[in-house]
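The values are calculated or read from the model by the stated rules, or taken from the named source; none is laboratory data. None of these values were measured; they are calculated from a predicted model. Every residue, glycine among them, receives a Cβ derived from its backbone with ideal geometry; neighbour counts consider all protein chains shown.
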Amino acid sequence: MYRALSESVSPAQPRPAGYPHGVPPLLALEGVSKYFPGVVANENVSLAFYPGEIHALLGENGAGKSTLMNIVTGLYRPDRGELVLDGYGVSFDGPDAAIAAGIGMVHQHFKLVPRFTIAENLALGRRDMRGILSRRKLVAFARREAEKYGFAFDVEARVETLSAPEQQRVEIVRVLGRGARLLILDEPTAVLGPSEVSELYAALRRFRADGGAVILISHKLEEIMALADRVTVLRRGRVVATHLAGSLSPQALVAEMIGHAPVEALPAPEPLAVDPDRETISLRDVTMRDESGRLRVHPVSCDIFRGEIFGIGGVTGNGQVALAEMLAGLRHPDTGRILVAGQDMTGRPVAAFVEMGIGYVPQDRLRQALAPALGATENAALRVFRTPPVGGRFLWNEDAATRYARLLIDEAGIALADPSRPVRGLSGGNQQRLVLARESRIASRFLVACYPGRGLDLGAMETMRSALVALRNTGRGVVLVSEDLDELLALSDRIAVMSGGQVKAILGRGEATREDIGALMSGHGSGSR
Amino acid sequence: MRGEGRQMAVISFRRIVIARMIAIGIVFLLVAAGIYGLGLDPGMVGRLVVTSTFGTRFGLENLALYMTPLLLTGAAVWLALRAGLWNIGAEGQFLAGASAAAAIGLSGGANPALAGSPAAFMSSSLTLVLAMTASFLAGALWSALPAAGRAWLGVSEIITTLLMNFIALYMVYALVTGPWADKVTGAQMSSARIEVVLPAFAGAVHCGWPIALLAVAMLALLFRRSRFSYCLALCGSNPEAARYAGIDVGRHVFVTLLLSGGIAGIGGMIEVFGTVHRLQGGLANGYGYLGIVVALLARKSALALVPAALLMAIILNAGIVLQTVQVSASAVLAMTGLLVFAIAVADDYAAWSRSGRAS
């Protein structure tokens, strides 16, 4: 059953420039929805990918990109809507079916066998390379494959000896070699240096020229501007819009990505009388590299005061979390110093930061902030077990810990009869309430909170925000890392905008408009300190 | 069916007990069927096992002697499991501890002329204390390499502790056929007799049995009242959160595996000085591996190590009885395997509730 798809795709979506009418897209999604318990991962997503185009998908973490790609590659089945391949409705029973249909994905974490050679990896799962293979045959095959896609490999090198960019090339050749016509790349330049990026671009353009379609998942606006023909912005599982790439500025894209929700009834705190002798957390030229040696935080210097909410904004992955973890003592700067209330805390253990009264709400509560298999009692004591009444140098007082847990549970407003029950049984919202209550009690000086609104419903969000404001009003300092611009604008006394590991600007209340911040987040524009 | 139900976050004690009773019942039925298949009367064999284990003083004493090493290797494995670590090397640590203790015991040598005098008592007490200390250190040392690998390099302790067992086994073989070979009686694969012995507790049962029980009780106390146990639980449950709590996960992993090895090592000393009185090739008798079973049976409670060790002791005793009716000694291994399998399934099923009464 052939249907004219150019009509069925929502009219808001422009076809790629110069594309002939009447040819169906290689793959179209029509009204695709996917739900998980309590979460709308995708809702009514309609998108078309045409042969000969590079289509970028842009969206914050949790915008639904991954779920959508899992549907396209046959890992999930949509709860509603359908996939249309070359004009015919299809349903993928599994990843095999998607691969057979010519859909291939280059994952952020490569799916190669590290101990196998390049040639062996390329031959893996190939129908034409079954049975007993001589080494010569294998090598000849691999060379042929590499050449076909314009790469040169030492095909007998073992994959584990290759650099990340080389592995990525092998992965691409492998996916293409299995007959992919639609190539999906997830953050492909995250592991690449500048020269390798241009090589990748060239390869993708070649693939496009031969009639292939590319889906490019990326946070990087320059990348999208340089490479993509069309851009689709996703937010909260839905398509915001699809644009021809040339038609929109990076600032406009960021604005779309982070949303235009009206600045409504967020509790805008009253400004406090400023006391110049307030205690601070002071960063002095701190830098930090990640495990692979890339600079995640460029020299940053700033003072964060007690009695203010210091917002940190930016597109995800621009160094905000690394900065927050340094403030809480979870990571140490490679250079530079951290002072808390005048005391040098550089390189001190986490426990010392807790003792100084710095609470920390990590971004991933279940993985980082809680031990899911342990009870609320153990989790309530997680960062205070060193000190009486719960503990001491050697002791652990179960009764005191239970009392402490009950106190926190009451404060957090969680309905929980038995604190010994594992916290994984709590709802996501309650887990976050527990963490926030625990860390607020620790925070006699400062609370550092990473994305505290994630996964909260509206009511809980309201409570969380009031709690942050209450901390500030009682003279504690709050560092709020958030992807929600409205939240930042409403709550923060000052907002630091990060891009590429740098603090681009620190803007006071009223100095910052959405547009300014959007421009700073996208790495463009400049602000005054 | 299973998809309909929900996995419960907390499994009640009652559910576990019921599920395990069913599992053990099924194992007994299977063993009975096996015995029947061998042309024996399961009823007769069963009566024989029960009467010879519980009906005689010798049987009861034997149970206590079997329990002693099992309690200690079980405690060793159990302790590591609190931190989410699998010490498969209790067997080797047991042998390392036994060897170190034997070295002390063989070098001392009681002077027959002083027998019964206070000086002899002092000297043998000193030997025992030294031997116990040495066995603890040797067991800890035997797990130090796997412990360091796991703590700081991320090398799986399951593989390395297991491999250390073979090194320990052949080290013991080398010792008892070489430098320490018994030249008096010419016994194969055995050292000379060690004259210092653990004092008797009751009948043939030496005081290693109360010592092992005491060790388990101390472990239970430690895990109710210490900050260390809390840190271990955190490391085992979520290392990422442990780091966030300011716990040095690597150091805790290292110390735990060392302690675990030390406890197994003491088991070796008690076996040498209490039961066997020699270092022998087959000394460990699989106690290290059975300790894994004991620890799994005990789940989260240290005190549950006692009934768990008792159950394993009964099975070992049953194995001897079965041999007297011409059933292969390997039957014990088969029974243990069946039991572990059945218990694992039972525990999992106990966690599932069809009505979805999950917390």
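All of A:VAL469, A:VAL435, A:VAL479 fail the test of being more than 14 Å from chain B (Cβ to nearest Cβ) and within 23 Å of the chain's Cα centre (by Cα), apart from A:VAL479. State yes or no: is A:GLU483 part of a loop (DSSP other than H, G, I, E, B), on the phi < 0 side of the Ramachandran plot and in contact (Cβ under 8 Å) with a residue 40 or more places away in the chain? Against the criterion (part of a loop (DSSP other than H, G, I, E, B), on the phi < 0 side of the Ramachandran plot and in contact (Cβ under 8 Å) with a residue 40 or more places away in the chain), A:GLU483 qualifies. Checking each residue in segment A:332-366 for being outside any loop (DSSP other than H, G, I, E, B), at pLDDT 90 or above and within 12 Å of another protein chain (Cβ to nearest Cβ) picks out A:VAL350, A:ALA351, A:ALA352, A:PHE353, A:VAL354, A:GLU355, A:ILE358, A:GLY359, A:TYR360, A:VAL361.
Does segment A:164-185 include one or more residues that are over 23 Å from A:GLY212 (Cα atoms), of a type outside the set (S, T, N, Q) and not assigned by TED's automatic domain parsing to the domain that holds A:VAL32? Give the steps one after another, and end with the answer.
To start, the set of residues in segment A:164-185 that are over 23 Å from A:GLY212 (Cα atoms) comprises A:164.
Next, from what is left, pick out any that are of a type outside the set (S, T, N, Q): A:164.
From what's left, not assigned by TED's automatic domain parsing to the domain that holds A:VAL32: A:164.
Yes, there is a match, as at least one residue in segment A:164-185 is over 23 Å from A:GLY212 (Cα atoms), of a type outside the set (S, T, N, Q) and not assigned by TED's automatic domain parsing to the domain that holds A:VAL32.
When segment A:128-157 is filtered for residues that are of a type outside the set (Gly, Ala, Ser) and either touching a Lys or Arg at 6+ places or on another chain (Cβ under 9 Å) or surrounded by 20 or more Cβ atoms within 10 Å (Cβ to Cβ) (or both), the ones remaining, listed by number, are A:MET129, A:PHE141, A:GLU145, A:TYR149, A:PHE151, A:PHE153, A:VAL155, A:GLU156. Within segment B:172-189, the set of residues being part of a loop (DSSP other than H, G, I, E, B) and surrounded by fewer than 15 Cβ atoms within 10 Å (Cβ to Cβ) comprises B:GLY178, B:PRO179, B:LYS183, B:VAL184, B:THR185, B:GLY186, B:GLN188. Could you list all residues from segment B:343-353 that are assigned to a helix (DSSP H, G or I) and more than 23 Å from B:ASN285 (Cα to Cα)? Of everything in segment B:343-353, those that are assigned to a helix (DSSP H, G or I) and more than 23 Å from B:ASN285 (Cα to Cα) turn out to be B:ALA344, B:VAL345, B:ALA346, B:ASP347, B:ASP348, B:TYR349, B:ALA350. Here is a check on your reading of the model: is A:GLU515 touching a residue at least 60 places away in the same chain (Cβ under 8 Å), crowded, with 20+ Cβ neighbours inside 10 Å and of a type in the set (D, E, K, R)? Here the answer is no, as A:GLU515 does not meet what is asked. Taking the condition charged (D, E, K, R) and either modelled with pLDDT under 85 or closer than 15 Å to A:ASN121 by Cα (or both), does A:ARG181 pass? In short, no. Give segment A:367-392 a look and list any residue that's in a helix (DSSP H, G or I) and facing chain B (nearest Cβ under 9 Å), or say none. Once the filter is applied, which keeps residues that are in a helix (DSSP H, G or I) and facing chain B (nearest Cβ under 9 Å), segment A:367-392 yields A:ARG367, A:GLN368, A:ALA369, A:GLU378, A:ASN379.
Residue by residue, here is whether (1) touching a residue at least 24 places away in the same chain (Cβ under 8 Å); (2) within 14 Å of another protein chain (Cβ to nearest Cβ); (3) surrounded by fewer than 16 Cβ atoms within 10 Å (Cβ to Cβ) holds:
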site: B:TYR289; (1), (2), (3): yes, no, no
site: B:VAL294; (1), (2), (3): yes, no, no
site: B:ASN317; (1), (2), (3): yes, no, no
site: B:VAL325; (1), (2), (3): yes, no, yes
site: B:ALA329; (1), (2), (3): no, no, yes
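I'd like to verify a number: residues in segment A:316-331 that are in contact with a Cys (Cβ under 7 Å, 6 or more places away or on another chain) and assigned to a loop (DSSP other than H, G, I, E, B), how many? Adding up the residues that qualify gives 0.
Residue-wise test of (1) within 14 Å of chain A (Cβ to nearest Cβ); (2) crowded, with 24+ Cβ neighbours inside 10 Å.
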| site | (1), (2) |
| --- | --- |
| B:ILE211 | no, no |
| B:ARG224 | yes, no |
| B:GLY236 | yes, no |
| B:GLY250 | yes, no |
| B:VAL253 | no, yes |
| B:GLY261 | no, yes |
| B:ALA264 | no, yes |
| B:HIS277 | no, no |
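Here is the figure for segment A:394-426: residues that are more than 29 Å from B:HIS252 (Cα to Cα), in contact (Cβ under 8 Å) with a residue 40 or more places away in the chain and away from chain B (no Cβ under 11 Å) total 1. Against the numbered list (1) assigned to a helix (DSSP H, G or I); (2) at pLDDT below 90, A:LEU471 comes up short only at (2). Residue count for segment A:67-105 under the criterion of being touching a residue at least 60 places away in the same chain (Cβ under 8 Å) and either buried (at least 17 other Cβ atoms within 10 Å of the Cβ) or under 24 Å from the mean Cα position of the chain (by Cα) (or both): the result is 12. The residues in segment A:230-245 that are among the charged types (D, E, K, R), in contact with a strand residue (DSSP E or B) (Cβ under 8 Å, 6 or more places away or on another chain) and surrounded by fewer than 21 Cβ atoms within 10 Å (Cβ to Cβ) can be counted, and the count is 2. Whenever a residue of segment A:327-345 is on the phi > 0 side of the Ramachandran plot, its partners that are of a type in the set (Gly, Ala, Ser), lying with C-beta atoms within less than 9 angstrom and at least six residues away or across chains, give the pairs A:GLY329/A:ALA351; A:GLY329/A:ALA352; A:GLY329/B:GLY246; A:GLY336/A:SER301; A:ALA341/A:GLY357; A:GLY342/A:SER282. Of all the listed residues (A:GLU145, A:GLU82), the sole one being in a helix (DSSP H, G or I), acidic (Asp, Glu) and in contact with a Leu (Cβ under 9 Å, 6 or more places away or on another chain) is A:GLU145.
A quick yes/no check of all residues on (1) in contact (Cβ under 8 Å) with a residue 24 or more places away in the chain; (2) basic (Lys, Arg); (3) out of contact with any Asp or Glu (no Cβ under 8 Å at 6 or more places or on another chain); (4) buried (at least 22 other Cβ atoms within 10 Å of the Cβ):
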residue: B:ILE194; (1), (2), (3), (4): yes, no, yes, yes
residue: B:VAL197; (1), (2), (3), (4): yes, no, yes, no
residue: B:ALA204; (1), (2), (3), (4): yes, no, no, no
residue: B:CYS207; (1), (2), (3), (4): yes, no, yes, no
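Of the residues making up segment A:271-294, not a single one is within 14 Å of another protein chain (Cβ to nearest Cβ), farther than 17 Å from A:ILE495 by Cβ, over 25 Å from the mean Cα position of the chain (by Cα) and of a type in the set (A, V, I, L, M). For the structure I just gave you, tell me whether A:THR242 is at pLDDT 75 or above and more than 25 Å from A:ALA41 (Cα to Cα). No; evaluated as a whole, the condition is false for this residue.
With the condition kept exactly as written, say whether any residue in segment A:303-315 is over 20 Å from the mean Cα position of the chain (by Cα), within 12 Å of chain B (Cβ to nearest Cβ) and either in a loop (DSSP other than H, G, I, E, B) or surrounded by 24 or more Cβ atoms within 10 Å (Cβ to Cβ) (or both). Let's see the steps before the verdict.
We begin by selecting, within segment A:303-315, every residue over 20 Å from the mean Cα position of the chain (by Cα); these are A:303-310.
Filter again for within 12 Å of chain B (Cβ to nearest Cβ), leaving none.
No, because not a single residue in segment A:303-315 is over 20 Å from the mean Cα position of the chain (by Cα), within 12 Å of chain B (Cβ to nearest Cβ) and either in a loop (DSSP other than H, G, I, E, B) or surrounded by 24 or more Cβ atoms within 10 Å (Cβ to Cβ) (or both).
Within segment B:89-107, if we keep just the residues that are under 12 Å from B:TRP180 (Cβ atoms) and of a type in the set (Gly, Ala, Ser), the residue that is modelled with the lowest pLDDT turns out to be B:SER107. When segment A:49-73 is limited to residues that are in contact with a helix residue (DSSP H, G or I) (Cβ under 7 Å, 6 or more places away or on another chain) and part of a strand (DSSP E or B), the one that is nearest to A:GLN251 (Cα to Cα) turns out to be A:LEU58.
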